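K.L.:
My questions will all concern the structure given below.
Throughout, read-outs are computed from the coordinates displayed, never taken from laboratory work. Everything numeric in this text was worked out from a predicted model, so none of it was measured. Cβ: placed from backbone, ideal geometry, glycine included. Neighbour counts: every protein chain shown.
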Amino acid sequence: MAIIRDGMPPFDLFRPTSVDDALALAGRFGADAWILAGGFDSLERFKDRLKRPKAVIDLGGIGELRGVRRDGGDLVIGAMTTLAEVSRHPDICERFGLLAEAAAAVASPQIRNQGTLGGNIAQDTRCWYYRGGWTCYRAGGGTCFAGESPQGQNREHAIFGAEGCVAVNPSDTAPALVALEARLVIENHKGGREIAAEDFFVGPDKDITRLNILAPGELLTAIRLPATWSGATFYFEKVSDRPVWDFSLVNIATAMRLRKDRIEQVRLVLGAVAARPWRLSEVEAAIMGCDRNAAAEAAPRLAAKGAAVLPHNGYKAVLAANLAKRALLGNKDA
Ligand SMILES: Cc1cc2nc3c(=O)[nH]c(=O)nc-3n(C[C@H](O)[C@H](O)[C@H](O)COP(=O)(O)OP(=O)(O)OC[C@H]3O[C@@H](n4cnc5c(N)ncnc54)[C@H](O)[C@@H]3O)c2cc1C
Ligand code: SF4
């Protein structure tokens, strides 16, 4: 368990100024390296002495990882672009307002000014047992304190897709990127690949020790928004205990193409209910071609279907159902 919260263990700090140099360092140190972006997730874990990397690679000096550019019909966002920039960039606001809204919902202005889009989607879970240094399954131990202990505190934990671990992915922007069919650019010193945002995140059924597919030596360099959902009808809503500076209890990101009120295309994605953004595929299939009002009546039952609630988080299934309805109506008061 973590008991020291006042100082970081020593490490070698590298401050590359190009992606090539960062990739070379990441390749050289592999699993001994830690990638540092805005530091909001990273520094806390160093101070708690739960992560003791030999080398820290600070991406803060790499200009090519920052900013938003157009590439044909796509928008390409550098991984080190701050959440504040994402929330107010004119092209993102005009064409992909869903992401701008999700970024604006993260934490507080101070955190958004320094926290990055790449760091936000690559951040680790906030399960308090794990963050507190308890040796649970995710930390390589033999139990899940939140889900298996009769005293487990699981109010903020998963209702979907939990196998062994009931931790959730805390990112507000991740569900929006999945709804927008974003593509993530991942590079190492040998080359790069692009994958769908949906395939970036992993649940405990695939790997209980991490929330995404990034391997040692790899960097997330950019987030690409294809024109597919540009200018669509969007809905984002976050429910949290406090209106600011608080993680989601549940959130929803939705993209729709409507002809009059008929749904021609739709993607609905819940956040903070599973270890990865949770796509409501069954709802999407059932409401395709329907009038949005009729869809909103049908969706709540399907949205909560299969929820495996824990002793303290049954409210999340109710929230998921109601958020699906509101998203389809586009009405936060519904
Ligand atoms: C008090 C508080 C409240 C918060 N509230 C919210 C909230 O409401 N909603 C929300 O979504 N988040 C919230 N967060 C999380 C915060 O937004 C994220 O921790 C932050 O966005 C992480 O981004 P960062 O740039 O600080 O990344 P860092 O902390 O530097 O990195 C986070 C993780 O991502 C990895 N990483 C970062 N960039 C890259 C890259 N380019 N390639 C490969 N790996 C990378 C790092 O190695 C690390 O594991 C909160 C955090 C705090 C401290
Ligand atoms: S929910 Fe996951 S991270 Fe939390 S105690 Fe259980 S195994 Fe560990």
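K.L.:
Can you tell me which of 51-60, 154-163, 314-323 comes out highest on packing, and rank the rest after it, using the mean Cβ neighbours within 10 Å?
P.N.:
Packing order, densest peptide first, comes out as 154-163, 314-323, 51-60.
K.L.:
Another question, if that's okay. Suppose the chain between E163 and K47 were pulled fully straight at 0.36 nm per residue; how much longer would it get relative to their current alpha carbon spacing?
P.N.:
38.8 nm
K.L.:
Then there's this: In nm, give the distance between the simple-model label positions of Q153 and E264, each being 7 Å from the Cα along the Cα-to-Cβ direction.
P.N.:
5.0
K.L.:
Highest first, please rank the peptides 235-247, 86-98 by the mean number of other Cβ atoms sitting within 10 Å of their residues. Mind dumping the intermediate values first?
P.N.:
Details: 235-247: 15.8, 86-98: 18.9.
Most protected by this proxy first, the peptides run 86-98, 235-247.
K.L.:
Applying the Karplus parametrisation 6.51 cos²θ - 1.76 cosθ + 1.60 with θ = phi - 60° to the phi angles of the stretch 85-102, what ³J(HN,Hα) value in whole Hz is obtained for each residue in order, glycine and proline being reported as x?
P.N.:
After applying 6.51 cos²θ - 1.76 cosθ + 1.60, I find 4, 4, 6, 10, 5, x, 5, 5, 4, 6, 9, 10, x, 4, 5, 4, 5, 5 Hz.
K.L.:
Enumerate the calculated ³J(HN,Hα) couplings along the stretch 62-79 in order (Karplus 6.51 cos²θ - 1.76 cosθ + 1.60, θ = phi - 60°), each rounded to whole Hz, writing x wherever the residue is Gly or Pro.
P.N.:
So the J values, rounded to whole Hz, are 9, x, 5, 8, 10, x, 10, 9, 8, 9, x, x, 7, 10, 10, 10, x, 4.
K.L.:
Here's something else I'd like to know. Would the chain count as rounded, prolate or oblate if I go by the C-alpha gyration tensor, calling it rounded below 1.5 in a/c and otherwise prolate when a/b exceeds b/c, oblate otherwise?
P.N.:
oblate
K.L.:
In whole Hz, what ³J(HN,Hα) sequence does the stretch 29-36 give by Karplus (6.51, -1.76, 1.60; θ = phi - 60°), x for Gly and Pro?
P.N.:
Along the stretch 29-36, the couplings run 8, x, 5, 7, 9, 10, 8, 10 Hz.
K.L.:
Another question, then. Assuming R0 = 25 Å, what is the FRET efficiency of H312 and T209, from their Cβ-Cβ distance, to the nearest 0.05?
P.N.:
0.50
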